[in-house]
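Mind looking over this structure? Questions follow.
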Amino acid sequence: MRLKNFLNRSTIIIVGLVFIISTPMVFAEDLPQATSTPLSAADSLRQAIDGKATELQKLQVERDALEKNLGQVGALKTSLSKEIKTIDYNINQLNFSIQANKLTLQKLGLEIESLSGDVRGIESDIENKKSAIKELFVRLQQRDKENFLITFIKNASLAQSVTELQNIVLLQRNLSEISAQLREFQDRLVQKLSESEKKKQQQEREKASLVNRQYIVLDQKSDKQKILTQTKAQEKLYTQQLEELDKKQEEISAIMEKFESELRASFDSSLLPVKRAGVLDFPVERPIITQLYGATKFAARAYGTKFHSGEDFGVPVGTPILAVLDGRVAAADNNDKGTSRFSKFQYGKYIMIQHDNNLTTLYAHLSRQVVKKGDTVKRGDVIGYSGNSGYSTGAHLHFGVYWAPSVSYKSIPPAAGQVPIGVTIDPKDYLPNK
């Protein structure tokens, strides 16, 4: 009789366990409570970030309107008046860029603060989950010392036995769920920390751009004053000096062409990397190509060689210039003999970077350089800022690609510094497809 009663009660327990396992139940006291940044603080930060984004959009509209005015200036015939108007445009455009730098820095500061709040909230959630898991382990270890049969025997009633066994099943289920939540929070923490680090890097880049653009504004103002002084604000004198500059530049180009034609005779194209889009990145963000490599229409009327040795990118003065590939700075020089319009020759301020694939890249007509010879750079690093130095009719970046073994640097008066000479290659062979 006792054995029969025992078996009946065991059957009831097994049926009860099946019901417990198949029925989802959660006890509030077993679940950890999540914490988060106060909504009011988070909302306030988000509103401030959105406000800065709106200010930046309005500023961009004003910059676009200014750029249309430059188009009208560009249509004017070469003259002292056009030169002064162009410099004034550059200064206004740089001032807009400086305002954008300041707004972007404020926006980044708010975004970093917001991310810091997210990180603190997630870290708090992680600690809560860890505490909950620890507590569940302790409770499970206490119950693990007793098997189902002992649990059944020690309780005075079947209901108490079923309740205790149900609690054990729920503890195990909660442990599994909280462990999964912990992994999710840890993944979110890694993501937020990565976002925060990227924002801080962007913040440093914006700070550098702000400082350098402020220096470029001073240079532009100095250029304007020297042009007015040197020409005595007279169109006739300006035209005469410009004609003299053109003659001197043609002499430099003829000497360069002689050297480069000799180098091309020994050029072995098999030593170049295989032509493939994306070997190099673009040297500017949002690239707009204004002149291609080769015998372009503009080159036919503007250059004595009738040939353009690189690609031109239309960018305002003060635009960050980026290294297109990892490499070492082979040269960071200046061909200008001064800051006035009539003492600017060849590439002006330029940078040459030698890469490990038999290519060397040129970044010319810069307003400012932020690397020096011998520096190691990574793809995407800011190496300088665009400008209108050297023999140039307007702000842009001249980007050239050379067969590295052919590159040399020569003094070619009246240009100052060393002028880079070498076998040029069409950049389109290695730049990304637009």
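The values are calculated or read from the model by the stated rules, or taken from the named source; none is laboratory data. The structure displayed is predicted, hence computed values, not measured ones. Reconstructed Cβ throughout: ideal geometry from the backbone, glycine too, with neighbour counts over all protein chains shown. To get the accessible areas, we keep the full protein, side chains included, count just its heavy atoms, and leave off ligands, DNA and RNA. Shrake-Rupley method; radii C 1.70, N 1.55, O 1.52, S 1.80 Å.
Residue by residue through region 398-421, note down the ones that are farther than 28 Å from E243 by Cα, buried (at least 21 other Cβ atoms within 10 Å of the Cβ) and in contact with a Ser or Thr (Cβ under 7 Å, 6 or more places away or on another chain).
Once the filter is applied, which keeps residues that are farther than 28 Å from E243 by Cα, buried (at least 21 other Cβ atoms within 10 Å of the Cβ) and in contact with a Ser or Thr (Cβ under 7 Å, 6 or more places away or on another chain), region 398-421 yields V401, Y402, A404.
Tell me which residues, restricted to region 239-250, are open to solvent by 90 Å² or more (accessible area, probe 1.4 Å) and without any contact (Cβ under 8 Å) to a residue 12 or more places away in the chain.
Within region 239-250, E243, K247 meet the criteria.
Same structure, new question: Looking at region 203-220, I want the residues that are acidic (D, E) and have a partner that is in a helix (DSSP H, G or I) with Cβ atoms under 7 Å, at least 6 apart or on another chain. Which pairs are those?
As it stands, the answer is E206/N101; E206/T104; E206/L105; E206/L108, since those pairs meet every condition given.
With respect to G374, determine if the residue is within 30 Å of Q99 (Cβ to Cβ) and touching a residue at least 40 places away in the same chain (Cβ under 8 Å).
Against the criterion (within 30 Å of Q99 (Cβ to Cβ) and touching a residue at least 40 places away in the same chain (Cβ under 8 Å)), G374 does not qualify.
Only one of V217, V211, V190 is at negative phi, open to solvent by 90 Å² or more (accessible area, probe 1.4 Å) and not hydroxyl-bearing (S, T, Y). Can you tell me which?
Just a single option satisfies the conditions, and that option is V190.
Right, another one. Just wondering, is there one or more residues in region 293-308 that are in contact (Cβ under 8 Å) with a residue 60 or more places away in the chain and polar (S, T, N, Q)?
The answer is no; no qualifying residue exists.
Of everything in region 274-297, what is surrounded by 15 or more Cβ atoms within 10 Å (Cβ to Cβ), in a loop (DSSP other than H, G, I, E, B) and not hydroxyl-bearing (S, T, Y)? Give them in sequence order.
V279, L280, D281, F282, P283, V284, P287, L292
If you don't mind, another one. Check A300, A395 and return the single one that is of a type in the set (A, V, I, L, M, F, W, C) and either surrounded by fewer than 17 Cβ atoms within 10 Å (Cβ to Cβ) or at pLDDT 95 or above (or both).
The match here is A300.
Taking only pairs six or more apart or across chains, which ones have beta-carbon atoms under 6 Å, a first residue in region 93-113 that is under 20 Å from A65 (Cβ atoms), and a second residue that is buried (at least 17 other Cβ atoms within 10 Å of the Cβ) and of a type in the set (G, A, S)?
Short answer, once both residue conditions are applied: L94/G318; S97/G318; N101/S209.
For I87, work out the one condition from (1) farther than 17 Å from F185 by Cβ; (2) out of contact with any Lys or Arg (no Cβ under 6 Å at 6 or more places or on another chain); (3) modelled with pLDDT under 95; (4) aliphatic (A, V, I, L, M) it doesn't fulfil.
The number of the failed condition is (2).
Now for a separate question. Does any residue of region 30-37 turn out to be modelled with pLDDT of 80 or more and open to solvent by less than 80 Å² (accessible area, probe 1.4 Å)?
no
Could you tell me whether any residue of region 366-381 is over 19 Å from I87 (Cα atoms) and crowded, with 23+ Cβ neighbours inside 10 Å?
No, that holds for no residue.
Yes/no per residue for (1) assigned to a helix (DSSP H, G or I); (2) touching a His at 6+ places or on another chain (Cβ under 7 Å); (3) among the polar types (S, T, N, Q):
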| residue | (1), (2), (3) |
| --- | --- |
| L237 | yes, no, no |
| L245 | yes, no, no |
| S270 | yes, no, yes |
| A300 | yes, no, no |
| K306 | no, no, no |
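Could I ask something else about it? Within region 40-49, how many residues turn out to be surrounded by 12 or more Cβ atoms within 10 Å (Cβ to Cβ) and either of a type in the set (S, T, Y) or under 17 Å from K102 (Cα atoms) (or both)?
3
Could you please find all residues in region 317-337 being at pLDDT 95 or above, part of a loop (DSSP other than H, G, I, E, B) and either among the charged types (D, E, K, R) or open to solvent by less than 10 Å² (accessible area, probe 1.4 Å) (or both)?
Result: V317, G318, A323, V324, D326, N335, D336.
Out of (1) part of a loop (DSSP other than H, G, I, E, B); (2) farther than 21 Å from K428 by Cα; (3) touching a Phe, Trp or Tyr at 6+ places or on another chain (Cβ under 9 Å), what's the single condition that is false for Y347?
It fails just one condition, (2).
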